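Here the structure is laid out as structure tokens; the discussion comes afterwards.
The values are calculated or read from the model by the stated rules, or taken from the named source; none is laboratory data. Just so we're clear, the structure is a prediction, and the values are computed from it rather than from any experiment. Don't worry about glycine lacking a Cβ; one is built from the backbone with ideal geometry, like all the others, and counts go over all protein chains shown.
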Protein chains: 2
Amino acid sequence: MRIGELSRRSGVPVPTIKYYVRERLLPPGELTSPNQADYGPGHERRLRLIRVLLEVGGLSLAAIGEVLEAADDPEQPVIKVLGAAAKGVTPLEEGESGPELDQARDDVSALLGRRDWRVSEGTTAAESLAGVIAALRRVGHGGLVELLEVYADAAEVVARADLDYVQRKVAREELVESVVVGTVLGEAMFGALRRLAHEDVSVQRYESRVAGGGAPPVT
Amino acid sequence: MRIGELSRRSGVPVPTIKYYVRERLLPPGELTSPNQADYGPGHERRLRLIRVLLEVGGLSLAAIGEVLEAADDPEQPVIKVLGAAAKGVTPLEEGESGPELDQARDDVSALLGRRDWRVSEGTTAAESLAGVIAALRRVGHGGLVELLEVYADAAEVVARADLDYVQRKVAREELVESVVVGTVLGEAMFGALRRLAHEDVSVQRYESRVAGGGAPPVT
């Protein structure tokens with residue numbers, strides 16, 4: 001199909017498609033004449049993936065580029081693609097260091113040891129977890145760190161289900177794409193569910209009934 | 001303390017502190033002379049909270065302002081503060097609508113009914129979950145929607161533990177602050193743990209051993 005049709009089908013404007021091609025997020029179309037290129041269903045699918053990672057997953061274009069590069073390289077083991085996707089969703093870390101962060105890193109190592117989780121040295125998720133733990137203590141809510149085991153139990157259940165889903169994919173292309181989508185959108189899915197569950201549990205505990213908008217202040 | 005000391009203790013530059021006061025994120029200090037104000041430990045604590053929500057939680061200053069406004073208003077029920085915090089972490093929604101989003105909203109309603117989760121009409125988390133489900137289908141990974149129940153089970157366990165922690169707080173001020181911190185940082189904590197568990201489960205399934213950086217491609 002021509003670029004105009006690709007734009008109509010994917011909802012992505014033509015200049016944006018051209019920009020993605022220049023930035024190597026999208027492979028170029030096949031040239032059919034010096035100024036005309038032909039795009040296929042693979043392009044349309046890739047465009048939808050980029051938009052979802054951008055708009056729903058909140059990844060930057062740079063992060064998407066890294067994830068897709070890992071996904072497109074058939075030499076890359078699945079676990080590296082997973083790592084690239086995980087890095088993309090990791091929020092910016094604070095440049096800070098200090099005794100709090102060192103202690104938090106020790107806590108993360110202890111947790112990994114206790115649970116016998118084997119992860120590679122210096123993996124971004126471990127650093128990101130240490131950052132969260134240090135931040136909780138810094139704002140005087142170190143008590144929330146006690147919830148680490150409950151969270152880790154839940155995370156393990158969810159991660160197993162994720163990988164079960166991924167393993168059903170036979171073709172590598174489909175498999176790595178489901179890893180990327182699952183890592184990024186799974187996080188958004190869990191976050192939304194946790195907030196819904198919060199609302200339900202607080203209604204049960206703090207309010208006797210659900211009221212439209214005129215609920216009396218119950219503190 | 002003077003603004004200079006508040007800056008040293010919190011690590012936040014003086015112009016930034018002044019900006020937060022102008023934007024009403026931070027209450028002004030008590031004037032001790034026409035051009036000098038006195039700040040207390042409450043200011044320091046609030047500043048740390050703002051920085052953590054900004055840097056670790058990834059909230060915008062506008063979102064932080066809304067959360068703090070709800071938290072500071074003693075008339076606001078706890079559930080509304082929770083709602084404001086939840087809204088802050090919700091990623092931007094796509095403006096799109098259409099049959100996919102309508103179907104996804106029906107799926108969310110069905111899920112809420114099945115689990116007997118009572119949430120208020122049009123709560124942002126429900127809309128955000130519908131957006132994720134529609135996005136999964138749009139990129140051809142509607143199969144991940146099957147994991148909704150596993151995710152919801154895990155989310156319920158985590159949400160209960162969160163509220164147990166929050167309920168131990170006696171003073172309202174402490175309680176609402178722990179709601180805000182728990183909602184925002186708890187999400188980051190779970191995300192990091194899920195990614196760590198992914199890595200462990202993939203190592204178990206896709207690689208026989210963990211190698212430093214020269215792991216052979218196993219796809």
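Which condition does A:Tyr39 not pass, out of (1) over 23 Å from the mean Cα position of the chain (by Cα); (2) at pLDDT below 95, if it passes all the others? For A:Tyr39, the failing item is (2). Considering segment A:156-177, the residues that are modelled with pLDDT of 80 or more and touching a Lys or Arg at 6+ places or on another chain (Cβ under 9 Å) include one that is farthest from the other protein chains (Cβ to nearest Cβ), namely A:Asp162.
Here B:Gly140 passes the criteria (1) under 28 Å from A:Glu173 (Cα atoms); (2) surrounded by 21 or more Cβ atoms within 10 Å (Cβ to Cβ) except the one numbered (2).
Matching residues to (1) surrounded by 17 or more Cβ atoms within 10 Å (Cβ to Cβ); (2) among the β-branched types (Val, Ile, Thr):
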| residue | (1), (2) |
| --- | --- |
| B:Arg2 | no, no |
| B:Gly11 | no, no |
| B:Val14 | no, yes |
| B:Pro28 | no, no |
| B:Ser33 | no, no |
| B:Val52 | yes, yes |
| B:Leu61 | no, no |
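Of the residues making up segment A:43-53, none is modelled with pLDDT of 85 or more, touching a Phe, Trp or Tyr at 6+ places or on another chain (Cβ under 6 Å) and not aromatic (Phe, Trp, Tyr).
Out of segment A:141-177, which residues are of a type outside the set (D, E, K, R) and closer than 21 Å to B:Ala130 by Cβ? Selection gives A:Val158, A:Ala161, A:Tyr165.
Only a single item in (1) in contact (Cβ under 8 Å) with a residue 24 or more places away in the chain; (2) at the interface with chain A (Cβ under 7 Å from one of its Cβ atoms) is not met by B:Leu196, and it is number (1).
Can you pull out the residues in segment B:32-52 that are under 9 Å from B:Met1 (Cβ atoms) and aliphatic (A, V, I, L, M)?
Residues of segment B:32-52 that are under 9 Å from B:Met1 (Cβ atoms), as a first pass: B:38-41, B:43-44.
Listed by number, the list is empty, since nothing qualifies.
Within segment B:40-155, considering only helices (runs of 4 or more DSSP H) that don't extend past its boundaries, which have at least 2 residues that are within 9 Å of chain A (Cβ to nearest Cβ)? Walk me through how you get there before you give the answer.
Details: elements: B:41-55, B:61-72, B:78-89, B:99-115, B:124-138.
Where helices (runs of 4 or more DSSP H) fall fully within segment B:40-155 and carry at least 2 residues being within 9 Å of chain A (Cβ to nearest Cβ), they are B:41-55, B:78-89, B:99-115, B:124-138.
Condition check: over 21 Å from B:Ala171 (Cβ atoms) and charged (D, E, K, R). Does B:Lys87 satisfy that? For B:Lys87, the condition - over 21 Å from B:Ala171 (Cβ atoms) and charged (D, E, K, R) - is met.
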